[in-house]
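Taking it in order: structure first as structure tokens, then the write-up.
The values are calculated or read from the model by the stated rules, or taken from the named source; none is laboratory data. The structure presented is a predicted model; accordingly, all values stated were derived computationally and were not measured. Here Cβ is always computed from backbone atoms with ideal geometry, including for glycine, and neighbour counts include all displayed protein chains. Ligands, DNA and RNA are excluded from the accessible area calculation, which covers all protein heavy atoms including side chains. Shrake-Rupley method; radii C 1.70, N 1.55, O 1.52, S 1.80 Å.
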Amino acid sequence: MILADWIAIAVVAAFILIGALVGFGKGLKFFTGGIFGIIISILVCYLVGGLVLEIPFVHDILEKFIQALTDKNKFCDFLLQIHIEIIVYYIILFIIVSALRVLIVFLLKRIMEINNPVFKVVNRFLGIFFFLIVAILLTLFVFQIIYWIGGSTYEDFHKTLAGSFFKLDKLLEANPLASLPDWFRENFTHQVPNG
């Protein structure tokens, strides 16, 4: 085993310990609040924005918004050129998604932290599982950033991971996050309504 393997074991052990101590409810609240929560809300808006835009009710409201601004003055014409209806749509969608995220996290946290021995054990085990997933995702994200930087940084890091017992060098080469931007682009592009 190389140094990177020992570091991986220490990181996994630390995340397991934190998960067991903090539990699922508090861990979920921490990782879905603040900047993480904003990133999650933006990602969800990006993923579902095109789908919600195709709902006839939403499409009709946007068309009425466009009609209300059409031929009013030059400023309204400018707003229509920059597709203000889509900007307003995504701002409203972001507010709705953020409110739902906060509500869901609040409810899950309250359920997981019920003062019951069974729920306490379940909360701890789910906390361990949750923090392991977070550790894996953070590792993949760091590997992806190193891949994007490329050049000698990537080559040196790849050499450092060579011969890893946990095949970290192979994980760096075949990072599942590398294909996500293309997958999102192919599956979640949407059309802007004509105005």
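Out of region 131-168, which residues are of a type in the set (A, V, I, L, M, F, W, C), open to solvent by less than 40 Å² (accessible area, probe 1.4 Å) and out of contact with any Ser or Thr (no Cβ under 8 Å at 6 or more places or on another chain)? PHE131, VAL134, ALA135, LEU140, PHE143, LEU161, LEU168, listed by residue number.
Consider region 52-63. How many of its residues are free of Cβ contacts under 8 Å to residues at least 40 places away in the same chain and open to solvent by 40 Å² or more (accessible area, probe 1.4 Å)? Residues in region 52-63 being free of Cβ contacts under 8 Å to residues at least 40 places away in the same chain and open to solvent by 40 Å² or more (accessible area, probe 1.4 Å): 5 in total.
Set side by side, the residues ILE114, ILE38, ILE104, ILE66 differ, and just one is outside any helix (DSSP H, G or I) and either touching a residue at least 40 places away in the same chain (Cβ under 8 Å) or within 30 Å of GLY19 (Cβ to Cβ) (or both), which is ILE114. Condition check for GLN81 on (1) open to solvent by less than 70 Å² (accessible area, probe 1.4 Å); (2) more than 23 Å from the chain's Cα centre (by Cα): one failure, at (1). Quick one: is PHE94 aromatic (Phe, Trp, Tyr), open to solvent by 30 Å² or more (accessible area, probe 1.4 Å) and farther than 30 Å from TRP183 by Cα? No. Taking only pairs six or more apart or across chains, which ones have beta-carbon atoms under 7 Å, a first residue in region 1-29 that is under 25 Å from LEU161 (Cα atoms) and in contact (Cβ under 8 Å) with a residue 40 or more places away in the chain, and a second residue that is exposed (fewer than 14 other Cβ atoms within 10 Å of the Cβ) and among the hydrophobic types (A, V, I, L, M, F, W, C)? The qualifying pairs are MET1/PHE165; ASP5/PHE165.
Considering each residue of region 65-73 in turn, none proves to be open to solvent by less than 30 Å² (accessible area, probe 1.4 Å) and within 27 Å of the chain's Cα centre (by Cα).
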